[in-house]
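Reading through the structure tokens given below for one structure.
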Amino acid sequence: MGMKFVVLVVIVLAVIAIAQIMRVYELSSKIRGSREEDIDLRVNNINASLMMVFLIIFFGSFLWMWSTYGNGMLPEPASEVGVEIHWLFNVNWVIVIAIFFLTNGLLFVFAWKYSYHPDRKAHWFPHDNKLEMIWTVVPAAVLAVIIILGLMTWNQATGPASDDAVVVELYAKQFDWTVRYSGDDNKLGYADYKLVGSAEDKNSGDSYANPLGLVTDNSVRWRVLGLNNEISALDANIRKEANDSVAYSQANLNKMIAKVEKLERIRERVLDMTGMFGDSINSFAEDDFLTRELCMIVDQEYFFVLRSRDVLHSAYFPHFRAQMNCVPGQRTSLKIKPIFTTAEMRKKVDNPDFNYVLMCNKICGVSHSNMKMAVTVVETQEEFDSWKNGPLATNAINDSIVAPANIDTERMEWPEAAHHDEHGDDHHDDDENHEGEDHDDSHGH
Amino acid sequence: MSAAAHTDHGHHHKESFITKYIFSQDHKMIGKQFLITAIFMAVVAVILSVLFRIQLAWPGESNSVLSFFLGDTWAPEGILDRGMYLGLVTIHGTIMVFFVLTGGLSGTFSNLLIPLQCGARDMASGMLNMISYWLFLLSSILMLYSLFLETGPASAGWTVYPPLSVYEEAIPGSGAGMTMWLLSMTIFVASSLLGSLNYIVTVLNLRTKGMKMTRLPLTIWAFFVTAVLGVLSFPVLVSAVVLMLMDRTLGTSFYVNDTIIAGEVLEQSGGSPVLFEHLFWFLGHPEVYIVLLPALGLTSEIVSTNARKPIFGYRAMIGSILAIGFLSFIVWGHHMFISGMNPFLGGVFVFTTLLIAIPSAIKVFNYITTLWRGNIKYTPAMLFSIGLVSSFITGGVTGIILADSALDIAVHDTYFVVAHFHVVMGLSAIFGMFAGVYHWFPKMYGKMMNAKLGMVHFWLTLVSAYGVFFPMHFVGIGGAPRRYYDYSVYEGFDSNQFDMIMDLNVVISIFAIIGALAQAIFLFNFFYSTFKGQKAVQNPWKGNSLEWTTPVEHMHGNWPGEIPEVHRWPYDYSKPGAAEDYIPQTVPLAEGEEEH
Ligand code: HEM
Ligand SMILES: [Cu+2]
Ligand SMILES: [Cu+2]
């Protein structure tokens, strides 16, 4: 506080001092009879010269920065589309810089050259149709070129992936990424957000885990059982609170009842899922595997399916010049064909510690800037396989979907038996339309 | 057209302090109220930007400036809190775009100049005009107040994309802070709509005799089109805001779909965040022209007056303003190339967006040709106008890159974007606003601002502004995402990159601090001159437009007698055959003189 006070006092004193100096200045200019709007010739010329000085420094510093930081700043693009984008960027950059130099140059040179002189009169030149035609048509022609080139690259970047592209899912959540490889069948198993559960989630109240919400026989059962656990735990609490005259709070009670009702609705929707996938329910997911690191094989095309669990994220691969938003409740996609292995890139940038990286590039919360994942590009299928058999990859079904605690999975009864109806099953939305639901049928492209 | 303008209102009654300075319905006073409020908001927004620039240049280092402003809550031990970093960025952006450059710029100059340059005694409705200001003040106060909330201000960025902005559990600022943001913006929009409707009606109905649309100063054309843009686009923002409020409070799902927040599976299903992006940018893009056009209008006038030459291509300038206004409604998708929108639609937006470059280029060339063989007087206003043309060029050309969807894949949401929009929108509009203040200060306060201080202010501002935003392009091309608390992400991956980003960030922040301090010169000059400045003469810049025919002392109704009649356009500077180098609009055409 004392510190703030001192700062304020200093500022106030400084302002008063400057005001006094100004007063003196004003008085002296009053004596000389000069007026603020009459800029005297000398001052006017100084400003005009500064225009030229500024222009030189401006262009000079641009050229310096361009040569120092310009395109060299990110290493050369490491993907096939990245190369196209980089080329297009350079073309546009040259056009744009030419316009920049030309127009800024004219502006400041005229500003310097035509500064006020009492003996001169400005040239009367209100319009000239021919000139105006020129600077309508020429930019239009340049833009046409830019548009055509741009759309060609755009179509290439967003067009369909080739048939042998490897399908991989990137799953975003606050604040990390999970990769799911589609395995031998190159098809991603179904997933549904209602099945997501992970032991560390603070509200799940059980240890059911299914980080990506994959749809399998077991995950559906376990999710229902997990929900049952949660519901009975809540019910117990409700009974306790209702009978407890000391801690009794109607608001709290209502909240818990609402929660139970909500969990019941979710359980109902989960139960309906079993029928929707039929016998194929496990088949696509069986060979999927999850990792917390992305590994790609050079010169192999990858087709990424992007999902988000919570808020918008964006998968941003600066070195591949690739980027796409991850939208909750929607599937977006991105394709990348790396052209340099990590080892090659390390040589190129002369940095033995270099690694590719995936970052999040859509503001997604407090730790947005920490949301990253390592990416490696290897040379051969063998290298990839040994990476896959290493400690990083886990089978999507066997290793990552975990049954909730407190149930005997051996003698598991199908949940209907444990159906819970204390709070009135009569408010299920029986007419819920499941066709419209998002149950992941985009296995592939 | 001019019947209303010609009836003498006979406003000669004595006013009390309250009706004159506080609940004033006089457009000149309301303009000044907008200006003072906007200056205050701008100071706050600049301070916020300096605070987060300190973090970006010296991440994680203890800094007493941070403790001074943010205290232990948000900068424990002088280190900026991560959440507050995003809060500062969000409120900085919101204040700059809406409160300084929309409310402040249009509010000040449309109010001051529309009646004066059209030849009207006041706005069509003084009452609505007054309400417009008070709503603006209220929304400003709410926005500032949100900085002091326990959970922090809105922190999802000024674009407030859902679901981040919907759930408090996703980021603390989306609790009370976001509610306050939504409330403030709704009131802001109400203010802006009342203002805009008033401007439109006044321009259309209250022009004086002889003031054809084709004799209007370009300022008025710019304000007019700006107001039309505002009336057509701001209501869409309000709808977007209302739907968001419903998602937040009633559990509807316009923007949210299959979301899990903080481990809780939510039932809201069927909406889409992309819908919000469409609605937001349907306002958001016209908004950048709402910010920019008034600045272009002001400087057209200033450049012509101080080059002592007619503005080149008056009709082309009007045509460009109209074309920009129209096109600005069909380009919003360029903010969404990688949102998951259909790539074909992206292609269409590439086309429409690049079309806008044509009228923009016309404007630039017309400005430059106006300077050619002029006789340029460097008043501070003229200096800032040249600054505007330069930043409009520099920022405009990078727009060509961003409009190209294929390139946007690489630079979207990086500092390249931040550099682009600051130069083309931020700098241009701020320069235009400074130019306007220096030029019309005598009209507002009857005093002159100190010209030499103005020049020092200009050169320091120009150099530091480019010093801040020029290197930012390279930081962006180098792959630095925006809205990042720090760039430690690169440390373990690409250390070359990290070093370069950090080097440039230090340079940028130093310029930012110099630039911010330089604004003290302006503030001092402004407030000193309002009280002690040299007394102004009626027409200090020897201008042609009507405002320079009113008396220096403000009066209700603007002209003591009849409203003058207009006989020519406002750009007869250095016309051959005329004795003086300017001919005010009120001077009838001489025998055999052509209009222009
Ligand atoms: C003192 C001069 C200024 C400095 C140093 C400055 C700096 C910055 C920086 C570093 C960011 C953060 C970018 C990010 O992380 O995304 C930012 C955001 C922003 N600034 Fe400024 N800025 C200044 C003036 C302005 C002006 C005049 C405007 C008016 C248009 C403006 C509008 C914005 C907007 C709209 C954002 C985006 C906020 C967001 O990401 O939600 N700024 N500014
Ligand atoms: Cu993220
Ligand atoms: Cu836009």
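The values are calculated or read from the model by the stated rules, or taken from the named source; none is laboratory data. Everything numeric in this text was worked out from a predicted model, so none of it was measured. Using ideal geometry, Cβ is built from the backbone for each residue, glycine included, and neighbour counts are taken over all protein chains shown. Accessible surface is based on the protein model in full, side chains and every heavy atom, while ligands, DNA and RNA are left aside. Shrake-Rupley method; radii C 1.70, N 1.55, O 1.52, S 1.80 Å.
Structural remarks
- Some residue of the stretch A:327-338 being away from ligand 2 (no atom under 16 Å from the Cβ), in a strand (DSSP E or B) and among the β-branched types (Val, Ile, Thr): yes
- Test: residue B:343 is surrounded by fewer than 20 Cβ atoms within 10 Å (Cβ to Cβ), facing chain A (nearest Cβ under 10 Å) and either at negative phi or under 24 Å from the mean Cα position of the chain (by Cα) (or both): yes
Quick grid of which residues meet (1) within 8 Å of chain B (Cβ to nearest Cβ); (2) surrounded by fewer than 14 Cβ atoms within 10 Å (Cβ to Cβ); (3) part of a helix (DSSP H, G or I); (4) of a type in the set (S, T, N, Q):
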| site | (1), (2), (3), (4) |
| --- | --- |
| A:6 | no, yes, yes, no |
| A:16 | no, yes, yes, no |
| A:24 | no, yes, yes, no |
| A:45 | no, no, yes, yes |
| A:52 | no, no, yes, no |
| A:89 | yes, no, yes, no |
| A:93 | yes, no, yes, no |
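- Hits in the stretch A:329-360 (condition: open to solvent by 30 Å² or more (accessible area, probe 1.4 Å) and within 30 Å of residue B:253 (Cα to Cα)): A:330, A:331, A:333
- Tally, over the stretch B:416-428, of residues that are within 9 Å of ligand 1 (Cβ to nearest atom), within 23 Å of residue A:321 (Cβ to Cβ) and open to solvent by 20 Å² or more (accessible area, probe 1.4 Å): 2
- Residue A:136 meets each of the listed conditions (1) part of a helix (DSSP H, G or I); (2) open to solvent by less than 40 Å² (accessible area, probe 1.4 Å); (3) of a type outside the set (A, V, I, L, M, F, W, C); (4) facing chain B (nearest Cβ under 9 Å) apart from (2).
- Selected residue (criterion: nearest to residue A:318 (Cα to Cα)) from residues of the stretch A:367-382 that are open to solvent by less than 50 Å² (accessible area, probe 1.4 Å), at the interface with chain B (Cβ under 8 Å from one of its Cβ atoms) and touching a residue at least 24 places away in the same chain (Cβ under 8 Å): A:374
- Hey, residue A:310 within 26 Å of residue B:157 (Cα to Cα) and either assigned to a loop (DSSP other than H, G, I, E, B) or more than 9 Å from chain B (Cβ to nearest Cβ) (or both) or not: yes
- Filtered residue count, the stretch B:320-374, keeping only those that are assigned to a helix (DSSP H, G or I) and basic (Lys, Arg): 1
- Among the conditions (1) over 20 Å from residue B:350 (Cα atoms); (2) in contact with a Pro (Cβ under 8 Å, 6 or more places away or on another chain); (3) among the β-branched types (Val, Ile, Thr), residue B:414 misses just one, which is (1).
- Taken together, the residues in the stretch B:138-156 that are in a helix (DSSP H, G or I) and open to solvent by 40 Å² or more (accessible area, probe 1.4 Å) amount to 4.
- Residue A:261 vs. criteria open to solvent by 10 Å² or more (accessible area, probe 1.4 Å), acidic (Asp, Glu) and modelled with pLDDT of 95 or more: no
- In the stretch A:357-383, the residues that are hydrophobic (A, V, I, L, M, F, W, C), within 11 Å of the chain's Cα centre (by Cα) and assigned to a strand (DSSP E or B): A:358, A:359, A:360
- You will find that of B:297, B:284, B:230, the residue that is in a helix (DSSP H, G or I), modelled with pLDDT under 95, over 24 Å from residue A:171 (Cα atoms) and open to solvent by less than 10 Å² (accessible area, probe 1.4 Å) is B:284 and no other.
- Qualifying positions in the stretch B:429-440 - more than 11 Å from every other protein chain (Cβ to nearest Cβ), more than 9 Å from ligand 1 (Cβ to nearest atom) and either at pLDDT below 95 or open to solvent by less than 10 Å² (accessible area, probe 1.4 Å) (or both): B:431, B:432, B:435, B:436, B:437, B:440
- Filtered residues of the stretch A:95-115 (kept if within 8 Å of chain B (Cβ to nearest Cβ), touching a residue at least 40 places away in the same chain (Cβ under 8 Å) and farther than 23 Å from residue B:402 by Cβ): A:108, A:111, A:115
- Residue in the stretch B:466-473 that is in contact with a Gly (Cβ under 6 Å, 6 or more places away or on another chain) and within 8 Å of chain A (Cβ to nearest Cβ) present: no
- Selection of the stretch B:398-414 for residues being outside any helix (DSSP H, G or I) and facing another protein chain (nearest Cβ under 7 Å) yields B:404, B:412, B:413.
- Any hit, the stretch A:270-286, residues being on the phi < 0 side of the Ramachandran plot, touching a strand residue (DSSP E or B) at 6+ places or on another chain (Cβ under 9 Å) and open to solvent by 10 Å² or more (accessible area, probe 1.4 Å): yes
- Within the stretch B:338-368, the set of residues being away from ligand 3 (no atom under 16 Å from the Cβ), of a type in the set (S, T, N, Q) and within 21 Å of residue B:292 (Cα to Cα) comprises B:366 only.
- Residue identified as modelled with pLDDT under 95, in a loop (DSSP other than H, G, I, E, B), open to solvent by less than 50 Å² (accessible area, probe 1.4 Å) and on the phi > 0 side of the Ramachandran plot among B:561, B:557: B:557
- Among (1) assigned to a helix (DSSP H, G or I); (2) within 11 Å of chain A (Cβ to nearest Cβ); (3) surrounded by fewer than 21 Cβ atoms within 10 Å (Cβ to Cβ) - the single one residue B:492 does not satisfy: (1)
- Residue check for residue A:386: within 14 Å of ligand 2 (Cβ to nearest atom) and either out of contact with any Gly (no Cβ under 6 Å at 6 or more places or on another chain) or part of a helix (DSSP H, G or I) (or both): no
- Flag for residue A:118 being touching a residue at least 24 places away in the same chain (Cβ under 8 Å) and under 30 Å from the mean Cα position of the chain (by Cα): no
- The listed residue being small (Gly, Ala, Ser), outside the structural domain of residue A:310 (by TED's automatic domain parsing), buried (at least 21 other Cβ atoms within 10 Å of the Cβ) and in contact with a His (Cβ under 9 Å, 6 or more places away or on another chain), out of A:111, A:78, A:122: A:78
- In the stretch B:167-180, the residues that are open to solvent by 10 Å² or more (accessible area, probe 1.4 Å) and in a loop (DSSP other than H, G, I, E, B): B:167, B:168, B:169
- Filtered residues of the stretch B:441-460 (kept if crowded, with 24+ Cβ neighbours inside 10 Å and more than 12 Å from every other protein chain (Cβ to nearest Cβ)): B:457
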